[in-house]
1. Can you tell me which condition TYR5 does not meet? The list is (1) over 29 Å from ILE370 (Cα atoms); (2) of a type in the set (Phe, Trp, Tyr); (3) in the same structural domain as ARG243 (by TED's automatic domain parsing), and all the others hold.
2. Out of all the residues in region 172-185, is one or more at pLDDT 95 or above, farther than 23 Å from THR227 by Cβ and either of a type in the set (A, V, I, L, M, F, W, C) or buried (at least 19 other Cβ atoms within 10 Å of the Cβ) (or both)?
3. Pairs please, first residue from region 6-24 and on the phi < 0 side of the Ramachandran plot, second anywhere and aromatic (Phe, Trp, Tyr) and in a helix (DSSP H, G or I), Cβ atoms under 8 Å, 6+ apart in sequence or on different chains.
4. For region 1-19, what are the residues that are out of contact with any Lys or Arg (no Cβ under 6 Å at 6 or more places or on another chain) and of a type in the set (Phe, Trp, Tyr)?
5. Please specify each residue of region 298-321 satisfying the condition of being surrounded by fewer than 22 Cβ atoms within 10 Å (Cβ to Cβ) and of a type in the set (Gly, Ala, Ser).
6. Where residues in region 258-271 are part of a helix (DSSP H, G or I) and of a type in the set (A, V, I, L, M, F, W, C), which of them is nearest to ASN35 (Cα to Cα)?
7. Conditions first: (1) buried (at least 22 other Cβ atoms within 10 Å of the Cβ); (2) within 29 Å of ARG364 (Cβ to Cβ). ILE31 passes all but one, so which condition is the exception?
8. Can TYR63 be described as surrounded by fewer than 18 Cβ atoms within 10 Å (Cβ to Cβ), out of contact with any Pro (no Cβ under 9 Å at 6 or more places or on another chain), assigned to a loop (DSSP other than H, G, I, E, B) and aromatic (Phe, Trp, Tyr)?
Amino acid sequence: MDYDYIKKQDKEVYDAIMGEEEREAEGIELIPSENYVSRAVREANSSIFTNKYSEGYAGKRYYGGQTYTDIIETIAIERAKKLFGAEFVNVQPHAGAPANVAMYFALLEPGDTILGMDLSHGGHLTHGHPVTYLTKIFKFIRYKMKDVETGEIDYDEMRAVAKAEKPKIILAGYSAYPRELDYAKFVEIAREVGALAVMDVAHIAGLIAGKSVKNPFDYGFDIMTTTTHKTLRGPRGGMILTRENADLAKKVDKSVFPGFQGGPLMNTIAAKAVCFGEALSPSFHTYTDQILKNAKAMEIVFKKNNVRMLTGGTSNHLILADVFGSLAISGKEAETLLDRVGITLNKNAIADDVRGPMDPSGIRFGTPAITTRGFKEAQCSRVAELMIDAMKNKEDKKKLNGIREEIRTMCKKFPIPESFA
């Protein structure tokens, strides 16, 4: 994009933007919650809609001058409904965490119980980690994997805990779990105890939209929350989708506004509408299928090199590897080392980690962004080989410099696209 006005007006900010452009162009992005958006999404996100206050909803705003904001929000909602098979959609949440918070307050009273995935076994902070303020308001209980080597969830224990604790919500979803969940069992258990079945699909929303993995709504889930970036390849934002219950949808809308947010970010909603349009195209299914193939290609390389992967591998877009146990390098050290050679990923705790969260045993990486660049299985296999080579030779500067140059060359062959048409 052109940055002529920033360049003239604010050199410090301009320099930082250009530095980030170079970093992204010359490096490989493997953080599974990051992606590249199209130029159309970026243009919408920086559009004139950033000027407009639009408190309320289409046709029911608190300010005048809403002709085009209503059009944009309606387009985004209708496209999201088609993508996910929802009857009702709220596209106003500013991000994924606020979407979850608004969902809780729409459905619960203070003191109510939520059954969610334990953070150490792949869950998310907003699913009830003690460091969050949510745990001061609601009672969170947790389920875990039965077998960390296969990723099997202990559904028998989940049922027993649900019957004993009577949660109002049974929450599925994760931020570091490489397998698919048995949605039918979640719904079955929720119905047994009179709970709502809610799925946080933030990581796999694009895979669901592209029909490359199962859709929780097809199995009777009541509500889904999500981000709109990550695999969906849109702007940073959130969304709450209700399958068919109009009363629940009304509660969600009231909780988002005026409950938690003021004016929606209409420029971001415009960008969401554009990204949903892109996801409705036939090429998006090809893209999401390739994400899964590329993750499998990386899994094979890690398996051949005897690097332990939590759940034994992956069924989605991400891999969680125990590099401390397999390669004698901590997650933090691996993150820093790989960043130096142009491979960006994140340190991550593994199930029952013996190390602390700021320097854990694992790394988490995935294939959404490199698949956007056009990487196929061969390139992803090579990236995995380079990752392992770097971690095994962390003191060899010559080897690491060679890996850095190979990464630069690879990135030049697969530049970040401006359009996905």
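1. (3)
2. yes
3. ILE6/TYR14; LYS7/TYR14
4. TYR3, TYR5
5. Hits for region 298-321 are GLY312, GLY313, SER315.
6. Initially, region 258-271 is screened for residues part of a helix (DSSP H, G or I), giving 258-260, 266-271.
In the following step, the residues that additionally are of a type in the set (A, V, I, L, M, F, W, C) were identified as 260, 266, 269-271.
Numbers: PHE260: 28, MET266: 21, ILE269: 18, ALA270: 18, ALA271: 14 Å.
Taking the candidates together, the pick is ALA271.
7. ILE31 satisfies every listed condition except (1).
8. Details: surrounded by fewer than 18 Cβ atoms within 10 Å (Cβ to Cβ): yes; out of contact with any Pro (no Cβ under 9 Å at 6 or more places or on another chain): yes; assigned to a loop (DSSP other than H, G, I, E, B): yes; aromatic (Phe, Trp, Tyr): yes.
So TYR63 passes the test.
The values are calculated or read from the model by the stated rules, or taken from the named source; none is laboratory data. Note that this is a predicted model, so its numbers are computed, not measured. Methodologically, a virtual Cβ is constructed for each residue, glycine included, from the backbone with ideal geometry; neighbour enumeration extends over all protein chains shown.
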